[in-house]
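First comes the structure, then the notes that go with it.
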Amino acid sequence: MAGGGGRHRIEFGPPLPPGTSGEREVLDLWLARGVDPEHAPDALCAALPLGVEAVDVEDIGERLPSLSASLRWADYEVALPAPAAPALPERVAAFLARSELPWEERRGERTRRIDLRAAVLALEALPPAVGCTRLRMRLTLEPARGARPSSVLAALGVEALVRPGSIVRTAIEVARPRIALRAWRARGRFE
């Protein structure tokens, strides 16, 4: 959250892939005046729609890179029906053993060619729960290398088992240059 300069603007984080819900999504707010980050979550919650709450607020410098330029990776969890459980760890191991995996993603009328293996930073079959097994993946958000969770699920051969609402983005990593941020805070936020 940045303030000053008499301007205000909102920049949302990356759009959710089709069929995905999100937890702990990110956004940048540029405010017309400074707000104490300690009190900002309460003020934000009063203005947000029912079911959406501000979890954390961080004061950042307005001259730091934009949110879209600072995105690094996103974590996803997928709940799959129990029939996927026995084969999932082996499929994950085979995927991770690959050095590359050429892949095509359709986005509207455009086709993107990527190395799907390079887009997957981490992939793990979690212990089965009652009636389902879970898969956790970390995908890069770098524009040239990023991939959708559905592509990873297709590469694992389990895409047809995915039910609506079973893919959740659980975290987004945003890189902030801490040295610049500390200097900005030490010098004065609104000079």
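FYI, it's all coordinate maths here, none of it is from the lab. The model shown is predicted, which means the values in this text are computed figures rather than measured ones. Neighbour counts are summed over all protein chains in view; Cβ atoms, including those assigned to glycine, are modelled from backbone coordinates with ideal geometry.
Structure data summary
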| read-out | value |
| --- | --- |
| Computed label-point distance, nm, for sites residue 72 and residue 144 using a 7 Å Cα→Cβ extension | 2.0 |
| Check: the stretch 69-172 dipole with +1 on Lys, Arg Cβ and -1 on Asp, Glu Cβ, in debye | 200 |
| Rounded to whole Hz, the Karplus (6.51, -1.76, 1.60) HN-Hα couplings of the stretch 110-122, x for glycine and proline | 9, 10, 9, 10, 9, 9, 4, 4, 5, 6, 9, 7, 7 |
| The stretch 69-172: mean projected area of Cα convex hull, nm² | 6.8 |
